[in-house]
Amino acid sequence: MRLFADSASDLPKGFFENEDVVLFPLRVHIGEQDYEDIRGIHSIKVFDAIRAGNHPKTSQVSPEEMLKAFEQLAIADEEGFYLAFSSELSGTYSTAVMVADQVREDYPDLKLTILDSKAASLGYGLLVKEAVKLRADGQSLETILKRIRFMVDHLESLFTVEDLDYMAKGGRISKGSAFVGGLLNIKPLLHVENGKLVPIEKLRGRKKVIKRMIELMQERGSQLNQQTIAISHGDDEEFALILKQEIEQHFNPKEVEVHMIGSVIAAHTGPGTLALFFLNKIE
């Protein structure tokens with residue numbers, strides 16, 4: 001079975017290579033330069049560009065790359081599963097569906113399932129890693145899909161960013177939803193509802209943000225000591241490690257993964273972002 005995922009999962013390049021997952025890179029544009037996420041750029045470059053006053057742009061996965069990969073799948077007569085970046089945040093999912101329909105015109109027996117993760121960053125990454133684990137265990141595509149759909153429905157995603165106005169400019173939240181912290185050190189807290197980023201409250205300072213994230217984990221989480229928790233950060237590992245320590249002290253989870261946010265997500269959230277992912281139900 002071939003697994004496909006895109007770079008908005010914020011998993012490292014080595015993961016795709018070592019775990020035999022086909023990578024579909026989204027693209028980042030800085031000035032006149034065009035880069036393939038993961039393959040051709042590190043998110044540090046994006047954060048540095050933002051700090052220098054630039055406004056990186058992004059675009060979805062190349063339809064031509066999808067077409068080639070799906071045709072190869074059809075020719076090999078293998079099963080395939082593409083778990084895609086949230087359709088509310090990118091057109092990549094809908095493009096994949098369109099490309100698969102095009103391939104089926106020539107290869108009507110194409111065995112490909114495309115699923116909207118309704119997630120981003122390491123929340124999406126957790127779903128991909130679960131699919132890889134289940135495939136390695138020899139589970140059928142039907143079993144894998146059942147488990148991943150369950151996780152999609154029960155994934156909690158909490159974010160804080162330095163400035164929601166930046167995300168509003170990128171179209172990732174509505175301008176009416178944006179509120180700016182600025183000099184008052186106000187940290188907006190937001191979560192994901194059905195694939196969309198939605199602001200929920202404003203907090204002053206990092207300590208209060210972390211305290212509130214822990215409270216929301218307590219309220220929403222289930223059997224957290226049996227879960228792998230994921231944290232992604234916008235070039236602020238210190239902030240992420242403080243949250244990790246608090247989570248370990250409060251919930252003693254199976255594991256807490258910490259990674260820097262990838263280039264495409266970085267272009268829309270900016271430096272100083274902190275994101276937390278866990279399940280509100282494990283079975």
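Listed by first and then second residue, the pairs with beta-carbon distance under 7 Å, at least 6 apart or on different chains, first residue in the stretch 261-272 and within 11 Å of Glu162 (Cα to Cα), second among the aliphatic types (A, V, I, L, M) and open to solvent by 10 Å² or more (accessible area, probe 1.4 Å), are Gly270/Ile50; Pro271/Ile50. Checking each residue in the stretch 1-42 for being surrounded by fewer than 24 Cβ atoms within 10 Å (Cβ to Cβ) and in a helix (DSSP H, G or I) picks out Lys13, Gly14, Phe15, Phe16, Glu17, Asn18.
Checking Ser43, Ser7, Ser90 one by one, the residue that is assigned by the TED database to the domain that holds Ala120, under 22 Å from Lys133 (Cα atoms) and within 18 Å of the chain's Cα centre (by Cα) is Ser7 and no other. Of all residues in the stretch 173-185, those being open to solvent by 30 Å² or more (accessible area, probe 1.4 Å) and either of a type in the set (Val, Ile, Thr) or at pLDDT 85 or above (or both) number 1.
Each residue in the stretch 85-116 was checked for being part of a loop (DSSP other than H, G, I, E, B) and acidic (Asp, Glu), and 2 of them qualify. For the stretch 132-156, enumerate the residues that are closer than 17 Å to Lys111 by Cα and in contact with a helix residue (DSSP H, G or I) (Cβ under 7 Å, 6 or more places away or on another chain). Answer for the stretch 132-156, where residues must be closer than 17 Å to Lys111 by Cα and in contact with a helix residue (DSSP H, G or I) (Cβ under 7 Å, 6 or more places away or on another chain): Arg135, Thr143, Ile144.
Any residue in the stretch 68-78 that is in a loop (DSSP other than H, G, I, E, B) and surrounded by 14 or more Cβ atoms within 10 Å (Cβ to Cβ)? Before you say what the answer is, go through the steps one by one.
Filtering the stretch 68-78 for residues in a loop (DSSP other than H, G, I, E, B) gives 77-78.
Imposing the further condition that a residue be surrounded by 14 or more Cβ atoms within 10 Å (Cβ to Cβ) reduces the set to none.
Scanning the stretch 68-78 turns up no residue that is in a loop (DSSP other than H, G, I, E, B) and surrounded by 14 or more Cβ atoms within 10 Å (Cβ to Cβ).
Taking each residue of the stretch 75-96 that is on the phi > 0 side of the Ramachandran plot and looking for partners that are open to solvent by 50 Å² or more (accessible area, probe 1.4 Å) with beta-carbon atoms closer than 8 Å, six or more apart or interchain, yields Asp77/Asp109; Asp77/Lys111. The selection criterion, being within 12 Å of the chain's Cα centre (by Cα), modelled with pLDDT of 95 or more and within 18 Å of Ala5 (Cα to Cα), holds for Val128.
The values are calculated or read from the model by the stated rules, or taken from the named source; none is laboratory data. Just so it is clear, the structure is predicted and the values come from calculations on it, not from any experiment. Neighbour counts are summed over all protein chains in view; Cβ atoms, including those assigned to glycine, are modelled from backbone coordinates with ideal geometry. Surface areas here come from the heavy atoms of the whole protein model, side chains and all, with no ligands, DNA or RNA. Shrake-Rupley method; radii C 1.70, N 1.55, O 1.52, S 1.80 Å.
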